[in-house]
Amino acid sequence: MKGIIFAFIGGACITLQGVANARISQDIGTWQAATITQLTGFIMALAILLFVRDGKKQGFKKVNPLYLTGGALAAFIIFSEVTAIQHVGVTLTISALLIAQLFMTFMIDSNGWFGVVKQKMRLPQFIGIGMMIAGVLILKL
Amino acid sequence: MIIGIILALVAGALVGLQNIFNSKVNEHTGSWSTTTLVLGMGFIASLIMGLITQGTGMFTLQHMQPWYWFSGVIGVGVVICLVQATKLLGATFAIAIVLTSQLGFALLWDSLGWMGLEKVPFNLNQLLGVLVIVGGILVFKLGGRGEKGGQETAAADKKRQTALGTK
């Protein structure tokens, strides 16, 4: 039960992030909002990191530099998400976003890109994506 | 309309890509090391993009409200919740609930027109649409991929647990 509550609140916070960023962008601009929200998030995470010390610093050296810079994608994610929310609202934005996200993950998994273990797309995954797209069409009826 | 949907699709594809990259970092470090790095990189990239597009105008913050400074805390809350949920429920089940909750709250906040966003009136189509999408997520995530496939999915999901929240 506790796990379900954490997952539930976690999901709420992810959407809240998008909504808050859209709101803040209206006032100070989208790149500004993305910069500020990630700066304060970075400072908080750093404070927690210094407290829990979960990482082995040497670990970073073992990671391909491409993957280390993946965080930079967030700038474009926030910009696109915020602009989408302002154009088509939260529900449609999150729906389209999740479809593309799951689809991308499964393209990577089924092709074994970036050295991930290759996995086959099976019928349930095709049906799932189909249902999600159908859902978006219903939203727009 | 169409531009909004295209941008949302781009954002989603990038989230999927970033989750993979973050999980690669997470394999060698820890959740908080990964989160700190990812947010730091995102901060630098946003700052650079702002400077390129607006020059020093980037630093004029009109109508700045004090609470805007604390919005980053939400992202940290996401990581805490996802790490705990994954530990307690297993990754696949946790992610299925997270995605469902994301959509539910999207619908709620649209219909409330919360935070000064344009109100999207709630109607039956929207409820039905969201329910069908949630059904799709559940089939996609929990639908078997063969015995071995199911285990692999769970293992891959587990690695990506924290990655979800750090965008």
List the relative contact order of region B:2-166 as a percent without decimals, with contacts defined as Cα pairs under 8 Å and 6+ residues apart.
38 percent
Using the Cα centre as the reference, give the magnitude of the dipole from point charges on the C-beta atoms of the protein assembly as shown (Lys, Arg: +1; Asp, Glu: -1; all else neutral), rounded to the nearest 20 debye.
880 debye
Can you give me the Cα centroid spacing of region B:110-134 and region A:84-132 in angstrom?
21 Å
Measuring from label point to label point, each 7 Å out along Cα→Cβ, what is the A:Ile127 to B:Leu51 span in nm?
5.3 nm
Those helices of chain B passing the 30 Å axial Cα length cut-off and the mean Kyte-Doolittle cut-off of -1.0 (DSSP H runs only) are B:2-28, B:31-54, B:91-112
Just need the relative contact order of region A:1-87 here, percent rounded to a whole number, with Cα pairs under 8 Å and 6+ apart.
44 percent
Determine the principal axes of the Cα atoms in the protein assembly as shown, then give the extent along each, sorted from largest to smallest and rounded to whole angstroms.
55, 52, 35
Cβ under 14 Å from A:Phe103's Cβ, A:Phe103 left aside: what net charge do those residues give with Lys, Arg +1 and Asp, Glu -1?
0
Out of every Cα pair in region A:89-141, what percent are spaced more than 15 Å from each other?
52 percent
May I ask you to derive the FRET efficiency for A:Lys62 and A:Leu141 from their Cβ-Cβ distance with R0 = 41 Å, giving the value to the nearest 0.05?
0.20
Give the calculated FRET efficiency between B:Phe122 and B:Trp67 to the nearest 0.05, with a Förster radius of 25 Å applied to their Cβ-Cβ distance.
0.40
Principal axis box of chain B, alpha-carbon based, largest edge first, Å:
56, 47, 28
Roughly how many debye, to the nearest 20, is the charge dipole of chain A about its Cα centre, given +1 on each Lys and Arg Cβ, -1 on each Asp and Glu Cβ, and no other charges?
560 debye
Across all directions of projection, what mean area in square nanometres is found for the Cα convex hull of region A:1-77?
6.8 nm²
Residues listed by number, region A:85-124, amide nitrogen under 19 Å from B:Leu112 label point at 7 Å toward C-beta:
A:85-86, A:89-95
Using R₀ = 30 Å, calculate the FRET efficiency as 1/(1 + (r/R₀)^6) where r is the Cβ-Cβ separation of A:Leu50 and A:Asp27; round to 0.05.
0.40
Rounded to the nearest Å, the spacing of the alpha-carbon centers of region A:1-38 and region B:1-56 is 14 Å
In whole Å, largest first, the alpha carbons of chain A cover along the principal axes 49, 44, 36
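No value in this document is a laboratory result; all are computed from the given coordinates. These numbers come from a predicted model, not from an experiment. Counting neighbours? That spans all protein chains shown, and the Cβs are built from the backbone with ideal geometry, glycine included.
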